[in-house]
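The values are calculated or read from the model by the stated rules, or taken from the named source; none is laboratory data. Bear in mind that the values here come from a model prediction, so they are computed numbers and not experimental data. Note that each Cβ is placed from the backbone with ideal geometry, even for glycine, and that neighbours are counted across all protein chains shown.
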Amino acid sequence: MNAGPRPDEFGAGERLAVSVRDLARGFGEKTVLDGINFDIRDGEFVALIGKSGSGKSTLLRALADLDDDATSSGVIRIPDNLSVLFQDSRLLPWQNVIDNITLGLRDADARDRGLAMLRDVGLAGRENAWPNELSGGEQQRVALARSLARGPSLLIADEPFGALDALTRIKMHELLFRLIAVHRPTVLLVTHDVDEALVLANRVIVMDEGRIIRDIAVDLPYPRDKTHPHFADNRRALLSALGVVTHV
Amino acid sequence: MTYEADAYSLGLAGREHRAADAPVGAVHATLCRKSRFMPGRLPRGGVLFGPIALLVIWQLASLIGILPEKLLAAPTTAVATFYDMIVEGTLAPHFFASATRAYLGLGIGVALGIALALASGLSRVGEASIDALVQIKRAVPSLALIPLAILWLGIGETMKIAIITTSVLVPVYINTHAGLRGIDLRYVELARTVGLSYREFITRVALPGALPGFFTGLRLAVTTCWTALVVLEQINTTEGVGYLMSRARDYGQTDVIVVGLAIYAVLGLTSDLTVRYFERRALSYRRVLGA
């Protein structure tokens, strides 16, 4: 586990985007997160993987400040301008695409920035469409545009491609990678897909039963080659950390 | 009435293919809606079959004398009476008197229903003070309030409009309140993560989310506002469709009673269609087909 600096050293040395110390979360009698400590450096792309019920979504909701109902302790240091990309695109059905993208943005050039983002996600000209008119993949691209249009220094993504079909998901990986390279937010991506984590992230954190059990740096060049021997090594290491032994 | 005209005609096309013994593949290709278990879609105007059949049977029964005039006037007699009343100018004052009462009550009731629903749906104090009261009012028929209303407000127009207002308020409140309370929590989370202000949350999430419920309430309200009139217009008035009908009962004029009933039916249907028209425009985002 990455010990990292103490909270009072936050900002010293290498710039940290996120610092979490002794984080615990529970619901009623049930402890869901226990003794979570980790840091994310500025500009890192971290994937957080774990089985269902491992606490990864709870951790994400704690970071996004969406867990009023939980009993909590610990310290979270996190940038103010963070964006959340949900598993469902979560577009307001009664607002058109551009109004969804600029939701909550108050500056004068918000619309122009929104239109530019819409172009970047490959949906130029669809600004007046209703969300219901778009396919699942297109809706998720609008959600991505909404997340990035606010220029976040941290992007938190909760299995954003989990509901998409396999081909659309591959396209979304490329799109996300390209946009991250341009906008350079720090990224924390929650996923249960080991390959997705290894294709996108430069660090993978594995959770199990509310604790961090592995923290692996992925030192492979982009774009990632799934046939690279180190890719396969990492894949095997992650799968065994998740308790999966493959013979196929 | 047939606002799903496209779907109707699609269903029709499907059945025509079936009737023409088209190959199985072609039937599937034409959005066939008829299955062994579910009835097919009605063709355009098909819902009018029942009312038209009733009119025909009614007219025939009158013609051959099964249905005597003193029990129920024939449709054609009622149409003739209606025409005479229009030409003599005796219908218009009654109609406008009723419409004024109904729509004044509707306007006030809808405004009050929305205001109460917002207060109750968006604040705990509001919910604690308002919701149970409206639910109690819902259990009490508006007409049962007439004796009290007469003691408090007299027998004039104020009392009549107040009674209509209370009966209209309930469906608007119940459905708008349910719409507000039923807003998807996922959208509330979204509003938090994109940093909406409370005001922005109300205008961009809560109100649009409650709009479908409000329209359901409004559709009930536009017909409800007329129902109380028949009774109310027997109290201290000489104008109104309800008055016209109760006077016709005293004189045994079944044709005038039928005219009054027809006015209620037509008004109810047009009001409902008008609301549905605005509902479709306001909720147009729901009608688009998924890609």
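Hey, does segment A:24-45 have a residue that's without any contact (Cβ under 8 Å) to a residue 24 or more places away in the chain, charged (D, E, K, R) and in a loop (DSSP other than H, G, I, E, B)? Scanning segment A:24-45, I find at least one residue that is without any contact (Cβ under 8 Å) to a residue 24 or more places away in the chain, charged (D, E, K, R) and in a loop (DSSP other than H, G, I, E, B), so the answer is yes. The residues listed here are B:A78, B:A117, B:A97, B:A102; of these, the one that is surrounded by 18 or more Cβ atoms within 10 Å (Cβ to Cβ) and not assigned by TED's automatic domain parsing to the domain that holds B:T237 is B:A78.
Among (1) under 17 Å from B:G107 (Cα atoms); (2) touching a Gly at 6+ places or on another chain (Cβ under 7 Å); (3) within 14 Å of chain A (Cβ to nearest Cβ), where does B:T223 come up short? Tallying (1) under 17 Å from B:G107 (Cα atoms); (2) touching a Gly at 6+ places or on another chain (Cβ under 7 Å); (3) within 14 Å of chain A (Cβ to nearest Cβ), B:T223 fails exactly one: (3). Among the residues of segment B:163-184, what is the count of those that are under 30 Å from B:L148 (Cβ atoms) and either charged (D, E, K, R) or buried (at least 18 other Cβ atoms within 10 Å of the Cβ) (or both)? Qualifying residue count, segment B:163-184: 15.
Which count do you get for residues in segment B:220-252 that are without any contact (Cβ under 8 Å) to a residue 40 or more places away in the chain and either farther than 18 Å from B:A99 by Cα or within 20 Å of the chain's Cα centre (by Cα) (or both)? Of the residues in that region, 6 qualify.
Looking at B:A111, B:A119, just one residue is at pLDDT 90 or above and in contact with a Gly (Cβ under 6 Å, 6 or more places away or on another chain), and that residue is B:A119. Mind checking which residues of segment B:172-184 are more than 10 Å from every other protein chain (Cβ to nearest Cβ) and either outside any helix (DSSP H, G or I) or in contact with a strand residue (DSSP E or B) (Cβ under 8 Å, 6 or more places away or on another chain) (or both)? Passing the criteria: B:G182, B:I183.
Go through segment B:185-199 residue by residue and tally those that are surrounded by fewer than 18 Cβ atoms within 10 Å (Cβ to Cβ) and more than 7 Å from chain A (Cβ to nearest Cβ). Qualifying residue count, segment B:185-199: 5. Within segment A:146-164, the presence of at least one residue that is within 14 Å of chain B (Cβ to nearest Cβ) and among the basic types (K, R) is confirmed. Picking from residues in segment A:122-131 that are within 24 Å of the chain's Cα centre (by Cα) and surrounded by 18 or more Cβ atoms within 10 Å (Cβ to Cβ), the one that is farthest from B:Y187 (Cα to Cα) is A:L123. Pairs meeting the criteria (first residue in segment A:105-121 and more than 12 Å from A:R141 (Cα to Cα), second residue part of a helix (DSSP H, G or I), beta carbons under 6 Å, at least 6 apart or on different chains) are A:R113/A:A149; A:G114/A:I98; A:G114/A:I101; A:G114/A:A149. Screening B:G213, B:G217 for residues that are part of a helix (DSSP H, G or I), touching a Pro at 6+ places or on another chain (Cβ under 9 Å), of a type in the set (G, A, S) and touching a residue at least 12 places away in the same chain (Cβ under 8 Å) leaves exactly one candidate, B:G217.
Condition check for A:A145 on (1) surrounded by fewer than 18 Cβ atoms within 10 Å (Cβ to Cβ); (2) closer than 18 Å to B:L190 by Cα; (3) at pLDDT 90 or above: one failure, at (1). Restricting segment A:52-102 to residues that are surrounded by 19 or more Cβ atoms within 10 Å (Cβ to Cβ) and part of a strand (DSSP E or B), which is farthest from the other protein chains (Cβ to nearest Cβ)? In this case the residue turns out to be A:L85. Do you know which of the residues in segment A:103-121 that are in a loop (DSSP other than H, G, I, E, B) and closer than 20 Å to A:A157 by Cα is nearest to the chain's Cα centre (by Cα)? Here the residue is A:V121.
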